[in-house]
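Let me begin by presenting the structure, written as structure tokens, before commenting on it.
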Amino acid sequence: MTKTIKLFLTVFALAGFLSACSSNTTTDDSASTDNADTTDNQVVTDDDGMESSPLDGIDTVFFFEFDQSILSSEARSALMVHAEVLRDEPSSVRLEGHGDERGSREYNMALGERRANAVRDYLVLQGVDSSVIETVSYGEEQSAEVGSYESAWSKNRRVELK
């Protein structure tokens, strides 16, 4: 029941985010047409003049359960948004797989690779060109949080999209 609620809230939040990014501007025919050949950029300027992207606020770090490389429903929801942007405007991405300190160095390198490949495979299934995706595994070598306790381990079991 809790997972269903979380999934609903995630989908609701993504829908709200996407609708907030849509444009409601109208064109006035009497306006100057000096920039008639402008393209639709993915970068948006907010009220403070700061640039933002449609991916602002969307997760770029995806966490995994102990000894697993299965994507959570929350990760899949966020990756669907990334896939849409990468399909529309392909750019290269790097998927960095990580593991916690438990297990051998070799095992964690392989686990980080399986995690990065799981994210890559999901993006490819969503229509992203595999040639724009690079995967790398750091295993346990680049910890997000140092420590031998569950909250540190859970932060280290991840894939970062860069």
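The values are calculated or read from the model by the stated rules, or taken from the named source; none is laboratory data. Just so it is clear, the structure is predicted and the values come from calculations on it, not from any experiment. Here the Cβ is made from the backbone with ideal geometry for all residues, glycine too, and neighbour counts use every protein chain on show. Surface areas here come from the heavy atoms of the whole protein model, side chains and all, with no ligands, DNA or RNA. Shrake-Rupley method; radii C 1.70, N 1.55, O 1.52, S 1.80 Å.
Suppose we keep only residues that are of a type in the set (Gly, Ala, Ser) and part of a strand (DSSP E or B) within region 109-162. Which one would you say is most open to solvent (accessible area, probe 1.4 Å)? Result: SER137.
Scanning region 82-108 for residues that are closer than 17 Å to THR60 by Cα, assigned to a helix (DSSP H, G or I) and acidic (Asp, Glu) returns a single hit, GLU84.
Among the residues of region 71-108, those identified as among the polar types (S, T, N, Q) and in contact (Cβ under 8 Å) with a residue 40 or more places away in the chain are SER73, SER77, SER91, SER92. The set of residues from region 142-153 being over 17 Å from THR60 (Cβ atoms) and touching a residue at least 24 places away in the same chain (Cβ under 8 Å) comprises SER143, SER148, ALA152, TRP153.
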